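Novice: What follows is a single structure, and I will ask about it in a moment.
Computed from the coordinates by the stated procedures, all read-outs in this text should not be read as laboratory data. Treat the numbers as computed from the prediction; the structure is a model and nothing was measured. In this analysis, Cβ positions are derived from the backbone assuming ideal geometry, glycine residues included, and neighbour counts consider all displayed protein chains.
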Amino acid sequence: MGEYRLRCVSDRSVQPAYSLACPHDNSLLRTDYQARQIEPKSLPGIWRFLDWLPVQGIIAKAEGAPLTYKSRGLAKELGLENLYISFNGYWPERGAKNPTCSFKDLEAAPTMQRLLERGDNPTLVVASAGNTARAFAHVSSLTGQPLLLFVPEKALDRMWTTSIAKGVEQVTLMAVQGDYYDAIQIAEKVQSLPGFAAEGGARNIARRDGMGCVMLDAALNLARMPEHYFQAVGSGTGGISAWEAALRLRADGRFGSLLPRLHLAQNLPNAPIYCAWKGLEAESPCSDMFDDVLFNRKPPYAIPGGVKDALQETRGEVYGITDQQAAAAKKLFEQSEEIDILNAPAIAVAALEQAARSGSIEAKDIILLNITGGGLARIKEEHTLHRLMPQITVSHWEPAVQFLEGKR
Ligand SMILES: *Cc1c(COP(=O)(O)O)cnc(C)c1O
């Protein structure tokens, strides 16, 4: 299980196990698993898909997983006959128990397990607009692995955990004055120091293959791949992951030969992937967004194995969604499916609505809608959410490094 080699997408050259980059160009690395066919294991959460995860062991308590179910309410509203929802959040009545309410839980667990297997116990450095940092903090509370988080000040209210009253001892949280991209730049400086490891973002294969479980769970439930995949994206990593999972499912042979079309959605006006795909001039960033989780100034777009390749190979489409459309879609989803969702997935719901109304998808098509986060209101009914407080606020990397040196 989990036997694999790492290859550059551009030239298929095999690279060392923990590389994040290719030597000759800026290609993504991709996992090439020994198991051509997937055999689900009787293990908790996404560990069921161990054949296609880049780990040998599991974190048994990290039991977040996608929930795939056939929609009735939203399907009826949109006139769709085969709408499936992949719910990635907290909805225990249906069996969804993602501990931090988003599909970042699927990325954090395999990444931390893989780091554990590396053996040298480095401090993992993560820059995040909030949801990723929260998911990693949760796994760290289960495993005790050291973690250093850089989160924009504006996103600090997303930093909560259900597990520990006083915060997590091995987690250092630094608030960043600036946006997500500023946080990434500070993290890049710090992660080059000895004893620290870069998480890698879209370049991290454990993150992508963890997210790919959304597609695997759907295909195993439907006994085939869907024809369409809808997701709200910032970096587009989830889109790349869905495409890569579909490539593996196609090679497996039992799930069909047609790759699902990627329908990726961004929130206007901060929509660089939308602009690049449509050949539009990117608008100057606007600081108020329906969901700033979805803003990444430098998405992995035009690199080998990146978002553009994923869109081209799947005959994909990108949607630009306004705040008003997203707000209406959020209401429609919550009323018709009877569970609360985060703002980001409402952008995907709005894109699905647009595609259904414009006729670019048909009533009978088999559709997978990735609800990338939800159940926050639901989790509050039975858990206290404890705030994680930053130990320091920084605006550039020097004070961050000084602070870490002072702690040694
Ligand atoms: C991170 C995130 C996204 C976007 O993910 P990509 O990395 O762009 O695929 C969408 N929704 C939620 C809730 C997220 O946390």
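Novice: Using a simple charge model, +1 on the beta-carbon of Lys and Arg, -1 on the beta-carbon of Asp and Glu, nothing else, what dipole does region 18-87 show about its Cα centre, in debye to the nearest 20?
Specialist: 240 debye
Novice: Return the single residue from Ala350, Ala276, Ala329 with maximal mean-square fluctuation; model: Gaussian network over the chain, springs between Cα atoms under 10 Å.
Specialist: Fluctuation is largest for Ala276.
Novice: Please give the FRET efficiency for Ser192 paired with Ala251, using the beta carbon to beta carbon distance and R0 = 30 Å, rounded to the nearest 0.05.
Specialist: Numbers: r = 37 Å, r/R0 = 1.22.
Efficiency, from the Cβ-Cβ distance: 0.25.
Novice: Anyone know which of Val176, Val190, Val349 comes out most mobile in the 10 Å Cα GNM of the chain?
Specialist: Highest fluctuation of the listed residues: Val190.
Novice: Which listed residue (Pro23, Ser358, Val126) has the Cα farthest towards the positive end of the charge dipole for the chain, taking +1 on Lys and Arg C-beta and -1 on Asp and Glu C-beta about the Cα centre?
Specialist: It is Pro23.
Novice: Could you tell me, in Å, what Rg and Dmax come out for the Cα atoms of the chain?
Specialist: Expressed in Å, the Cα Rg and Dmax of the chain come to 19.8, 61.
Novice: By the gyration tensor of its Cα atoms, with a ≥ b ≥ c the square roots of the eigenvalues, what is the shape of region 85-168: rounded for a/c under 1.5, prolate for a/b over b/c, or oblate?
Specialist: Details: a/c = 1.74, a/b = 1.27, b/c = 1.36.
Oblate.
Novice: Want the number for Thr322 to Lys76: 0.36 nm per residue separation, take away the alpha-carbon distance, what's left?
Specialist: Here the segment from Thr322 to Lys76 would lengthen by 86.2 nm.
Novice: Ok, one more. May I ask for the Rg/Rh ratio of region 1-104, computed from Cα atoms with Rh as the Kirkwood radius, given to two decimals? Could the numbers behind the result be given before it?
Specialist: Working: Rg = 17.8 Å, Rh = 16.4 Å.
Checking Rg against Rh, the ratio lands at 1.09.
Novice: Under 18 Å from a label point 7 Å along Cα→Cβ of Asp32: give me every residue in region 235-261 with its amide N that close.
Specialist: So the set is 244-252.
Novice: To continue, here is another question. At a Förster radius of 35 Å, what calculated FRET efficiency corresponds to the Cβ-Cβ distance of Gln312 and Leu116, to the nearest 0.05?
Specialist: FRET efficiency, Gln312 to Leu116: 0.45.
Novice: Further question on the same structure: Starting from the alpha-carbon convex hull of region 254-408, give the projected area averaged over all orientations, in nm².
Specialist: Taking the Cα atoms of region 254-408, their convex hull projects to 14.5 nm² on average.
Novice: Using a/c under 1.5 as the rounded threshold, could you call region 129-192 rounded, prolate or oblate? The axes a ≥ b ≥ c are square roots of the C-alpha gyration tensor eigenvalues, and prolate needs a/b larger than b/c, oblate otherwise. Walk me through the numbers on the way to the answer.
Specialist: Details: a/c = 2.39, a/b = 1.45, b/c = 1.64.
Oblate shape, in that a/c is at least 1.5 and b/c is the bigger or equal ratio.
Novice: Rounding to the nearest 20 debye, state how big the charge dipole of region 58-191 is about its Cα centre with +1 on each Lys and Arg Cβ and -1 on each Asp and Glu Cβ.
Specialist: Here the size comes out at about 340 debye.
Novice: Please report the antiparallel percentage of DSSP beta bridges with both residues in the chain, rounded to the nearest 5.
Specialist: Antiparallel bridges: around 35 percent, rounded to the nearest 5.
Novice: Rounded, prolate or oblate, given the Cα gyration tensor of region 44-121, with a/c below 1.5 counting as rounded?
Specialist: Because a/c hits 1.5 or more and a/b exceeds b/c, region 44-121 counts as prolate.
Novice: What FRET efficiency comes out for the pair Ala302/His24, r = Cβ-Cβ distance, R0 = 22 Å, nearest 0.05? Intermediate results must be reported in sequence, preceding the final value.
Specialist: On the way: r = 17 Å, r/R0 = 0.75.
So, using R0 = 22 Å, E works out to roughly 0.85.
Novice: Tell me, what are the semi-axes, in whole angstrom and largest first, of the equivalent ellipsoid of region 54-202 as set by the roots of 5 times the Cα gyration tensor eigenvalues?
Specialist: 30, 18, 14
Novice: Next question. Could you give the length gained on full extension between Gln177 and Ser13, defined as 0.36 nm per residue of separation minus the Cα-Cα distance, in nm?
Specialist: The Gln177-Ser13 span can extend by a further 55.0 nm.
Novice: If you don't mind, another one. How big, in percent, is the set of alpha carbon pairs in region 180-314 lying more than 22 Å apart?
Specialist: Across region 180-314, Cα pairs with separations above 22 Å total 43 percent.
Novice: Can I ask one more? Any chance you could tell me what percent of the C-alpha pair distances in region 313-396 go past 15 Å?
Specialist: Cα-Cα pairs of region 313-396 separated by over 15 Å account for 68 percent.
Novice: Let me know the whole percent of all Cα-Cα pairs from region 354-408 that are separated by more than 18 Å. Don't skip to the end; give the middle numbers.
Specialist: Details: 1017 of 1485 pairs.
Pairs farther apart than 18 Å: 68 percent.
Novice: Can I get the semi-axes of region 1-51's equivalent ellipsoid? Compute them from the C-alpha gyration tensor as square roots of 5 times the eigenvalues, in angstrom, largest first.
Specialist: Each semi-axis is √(5λ); the values are 26, 10, 8 Å.
Novice: Name the residues whose placed amide hydrogens come within less than 5 Å of the amide hydrogen of Phe196, ignoring near sequence neighbours (fewer than 5 apart) on the same chain.
Specialist: Long-range HN contacts for Phe196: Thr123.
Novice: In whole Hz, what ³J(HN,Hα) sequence does region 241-249 give by Karplus (6.51, -1.76, 1.60; θ = phi - 60°), x for Gly and Pro?
Specialist: Result, ordered by residue: 5, 5, 5, 5, 4, 5, 4, 5, 5 Hz.
Novice: Name the long-range amide H neighbours of Leu342: under 5 Å, sequence gap of 5 or more, or other chain; modelled H, no Pro or chain starts.
Specialist: The list, which skips near neighbours in sequence, is Gly373, Gly374, Gly375.
Novice: Fully extended, how many nm does the chain gain between Glu3 and Lys407 (0.36 nm per residue separation, minus their Cα-Cα distance)? If you can, show how the numbers build up before the last one.
Specialist: Details: separation 404, 0.36 × 404 = 145.44 nm, distance 3.83 nm.
Full-extension gain reported as 141.6 nm.
Novice: Which one, Ala219, Ala133, Ala242, has the greatest fluctuation when you compute a Gaussian network model over the chain with C-alpha springs under 10 angstrom?
Specialist: Answer for the Gaussian network model of the chain: Ala219.
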